[in-house]
Amino acid sequence: MDGRAILEHLLYRDRLIVAVGTAVVAALAWAYLADGAGMDVEMMAEMPDMAPMPWTLRSAALLFAMWWVMMIAMMTPSAGPVILLYATIRHKHDTASGAAIDAWIFLAGYLVTWAVFSLAAVLAQWALERFGLLSMAMASTSTLLAGGILIAAGLYQFTPLKRACLRFCESPLLFLSRHWRSGAHGALRMGLRHGSYCVGCCWFLMVLLFVGGAMNLVWVAGIGLYVAAEKLLPFGRRLSHAAGAALVVSGMIVLARAT
């Protein structure tokens with residue numbers, strides 16, 4: 001086997017390891033959510049308007065785990081292309097072995113940024129529950145809040161920050177060419193940076209979960225599919241604007257019905 005064939009074999013092996021591993025991570029996250037994510041889903045379904053349970057350290061930890069696993073389930077699939085491209089370039093760019101390991105470090109950094117977002121989501125949930133604005137199903141009990149979130153999320157789709165972050169999320173090659181760093185430490189930094197762009201791109205879409213219910217798997221799957229389409233389809237920018245307009249109109253309808 002000549003040198004080119006060996007390189008192609010290693011590239012194929014590493015890409016396969018990364019692809020399968022990423023798919024397994026996403027699948028396990030979805031399985032955890034489908035199993036209830038440690039929550040009493042039956043009680044939530046039977047008494048959605050019941051006041052939330054008192055907060056304890058254990059319940060806060062469960063909620064953090066729920067939010068983080070939810071973010072992993074929703075965001076890992078759309079991060080697959082940049083992780084696979086990183087593994088390929090890493091193998092060609094550096095002579096040392098370990099492209100698959102560094103790709104996992106890249107993914108770890110990416111997921112850490114969503115852990116930070118998950119912590120912020122838990123704090124927001126705590127604040128909303130204190131003011132009586134969330135039900136047992138973790139959905140808004142206020143039409144004003146729900147309509148405001150829809151309109152704000154829609155308007156965010158047109159902001160320069162959204163456009164700037166989406167630009168790097170939808171183009172893995174652009175991101176890697178601008179922010180390439182070598183080695184394991186570089187992989188971690190790149191994962192953190194790419195995760196930051198994705199949080200900047202999608203955080204307001206995740207806030208929509210407070211409208212439909214954070215444990216409503218239909219909403220979770222719908223937002224996850226939309227995020228993947230926005231980042232992976234060639235017309236993602238136009239899709240982003242169309243979704244923004246739809247969210248604003250939806251929010252206005254919700255507020256009109258509240259009056």
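The values are calculated or read from the model by the stated rules, or taken from the named source; none is laboratory data. Nothing here was measured: the structure is a model prediction, and the numbers come from that model. Heads up, the Cβs are rebuilt from the backbone with ideal geometry, glycines too, and the neighbour counts pull from every protein chain shown.
Observations on the structure shown:
- Flag if Ala137 is outside any helix (DSSP H, G or I) and either β-branched (Val, Ile, Thr) or surrounded by 14 or more Cβ atoms within 10 Å (Cβ to Cβ) (or both): yes
- Selection from region 114-161 of residues that are among the aromatic types (Phe, Trp, Tyr) and modelled with pLDDT of 95 or more: Trp114, Phe117, Tyr156, Phe158
- Considered as a group, the residues in region 238-258 that are surrounded by fewer than 16 Cβ atoms within 10 Å (Cβ to Cβ) and in contact with a helix residue (DSSP H, G or I) (Cβ under 9 Å, 6 or more places away or on another chain) include one that is modelled with the lowest pLDDT, and that residue is Ala258.
- Of all residues making up region 151-184, the number that are loosely packed, with under 14 Cβ neighbours inside 10 Å, among the hydroxyl-bearing types (Ser, Thr, Tyr) and touching a Lys or Arg at 6+ places or on another chain (Cβ under 9 Å): 1
- Count - residues of region 204-217 that are modelled with pLDDT of 90 or more and within 17 Å of Ala137 (Cβ to Cβ): 6
- Any hit, region 223-230, residues being surrounded by fewer than 21 Cβ atoms within 10 Å (Cβ to Cβ), within 20 Å of Leu145 (Cβ to Cβ), modelled with pLDDT of 90 or more and among the aliphatic types (A, V, I, L, M): yes
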